[in-house]
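A quick write-up on the structure given underneath.
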Amino acid sequence: MLVFPNAKINLGLHIVEKRPSDGYHNLETIFYPIPLTDALEITPLRHCDKKYVLHQSGAKVETEAENNLVVKAYKLLDEELGLPPVEIHLFKRIPSGAGLGGGSSDAAFMLKGLNDLFGLGLSTEMLESYAVRLGADCPFFIRNQATFAEGIGEIFSSIGLSLRGYQILLVKPDVFVSTKEAFSLVKPHKPEVSLQEVIQTPVESWRQCMTNDFEASVFAQFPAVSDIKSLLYKHGALYASMSGSGSAVFGLFAPESVIPEIGFDKHAFVYKGVLE
């Protein structure tokens, strides 16, 4: 079973309020899948006394095997349904600490892959209920389509948004942004206009009316992230934004445009693609 977990970007992100019950923040954002992928292979493990074996390659991830979300996804289903042992090969291409949901996507695709591989018969809704136990972003990757998200990022509404054919240029500088610290520096507020309304307007107008509340504090701490956004606009992006709490920044370019070569720092991760 070979699958390709993809990344996501956030089209706008508003931190609406801090929840008195648990200290988490309610937000609103729009998730959109992009074709930047990892590779995940799951095979039955025979003649071995272990429940799982994880092989990881590609981009470095500072996580022990037992803390990897693909392993947590396997353990979650194994505890409830009793799975055969598996061998897992994970090739990482989606950078970590970028606001792209790479680990969450890996976990969601692990759930879907195990469901298919072993014929578990889990419905989409059941897979989503398992995914939310692994992380707030994980359920998005079960359906993997444009979605308006609320709550802590786990309450979804389908939206009729298609960016098919638009080109994306995504850049992650060699900068680590702490999500916890990023939240601590944002002052929650209710947006004047919901992102559900903003996306009804042309992409060309998003620059004036779509915002990511994390940008102000992250840009102040890491000017290199702000510089990337400015460069993307300078070279013709219709809309550019930091994704999530950063540090990746993306630009959307018209389908017919030619994205120029831009001189980013040699240590930056750069990806070009076409949205589906």
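The values are calculated or read from the model by the stated rules, or taken from the named source; none is laboratory data. Just so it is clear, the structure is predicted and the values come from calculations on it, not from any experiment. Heads up, the Cβs are rebuilt from the backbone with ideal geometry, glycines too, and the neighbour counts pull from every protein chain shown. What goes into the accessible areas is simple: the full protein's heavy atoms, side chains included, and nothing from ligands, DNA or RNA. Shrake-Rupley method; radii C 1.70, N 1.55, O 1.52, S 1.80 Å.
What to note about this one:
- Set of aspartates and glutamates near LYS92 by C-alpha distance (under 17 Å), chain-local residues within fewer than 8 positions excluded: ASP38, GLU41, GLU62, GLU64, GLU66, ASP106, ASP174
- In loop segments of the stretch 5-56 as defined by DSSP, the trypsin sites (Lys or Arg not before Pro) with at most 10 further C-beta atoms inside 10 Å of their C-beta are ARG46, LYS50.
- Reducing the stretch 35-74 and the stretch 80-95 to their Cα centroids gives an inter-centroid distance of 4 Å.
- Distance between the C-alpha centres of the stretch 109-184 and the stretch 229-276: 21 Å, rounded to the whole angstrom.
- In range of the label at CYS48: residues from the stretch 79-105 whose backbone nitrogen is under 19 Å from the point 7 Å along Cα→Cβ: 79, 82-92
- Lys, Arg +1 and Asp, Glu -1 on Cβ, resulting dipole of the chain about Cα centre, debye, nearest 20: 340 debye
- To the nearest 10, the accessible area of ASP49 is 150 Å² with a 1.4 Å probe.
- Ranking ASP22, ASP38, ASP174, ASP265 from most to least accessible surface, computed with a 1.4 Å probe over the protein chains only, gives ASP174, ASP265, ASP22, ASP38.
- Only helices enter the 222 nm calculation for the chain: every DSSP H run of n ≥ 4 contributes -39,500 (n - 2.57), and dividing by all residues gives -7500 deg cm²/dmol, rounded to 500.
- Percentage, to the nearest whole number, of Cα pairs in the stretch 30-141 over 24 Å apart: 20 percent
- Vicinal HN-Hα couplings computed from phi for the stretch 221-229 (Karplus, 6.51 cos²θ - 1.76 cosθ + 1.60; Hz; Gly/Pro x): 7, 10, x, 4, 5, 4, 4, 5, 4
- Using the Cβ-Cβ distance between THR124 and MET1 with R0 = 22 Å, the FRET efficiency computed as 1/(1 + (r/R0)^6) comes to roughly 0.75.
- Order of exposure, largest accessible area first, which applies to VAL258, VAL70 with probe 1.4 Å: VAL258, VAL70
- Along the stretch 134-145 the Karplus relation, 6.51 cos²θ - 1.76 cosθ + 1.60 evaluated at θ = phi - 60°, assigns HN-Hα couplings of 9, x, 5, 7, 4, x, 3, 6, 5, 7, 6, 9 Hz to successive residues, with x for each Gly and Pro.
- Most simply put, the stretch 10-141 has about 65% antiparallel DSSP beta bridges, counting only bridges with both residues inside it.
- Cα-Cα over 25 Å, subset of LYS112/LYS180; LYS190/LYS272; LYS18/LYS180: LYS112/LYS180; LYS190/LYS272
- log10 of Debye I(q)/I(0), alpha-carbon scatterers only, for the chain at 0.16 Å⁻¹: -1.27
- Here the simple spin-label model places points 7 Å from the Cα toward Cβ, and for ALA254 and SER230 these points are separated by 2.5 nm.
- Diffusion coefficient, µm² s⁻¹, Stokes-Einstein with Kirkwood Rh over alpha-carbon pairs of the stretch 156-272 at 10 °C and 1.306 mPa s: 104 µm²/s
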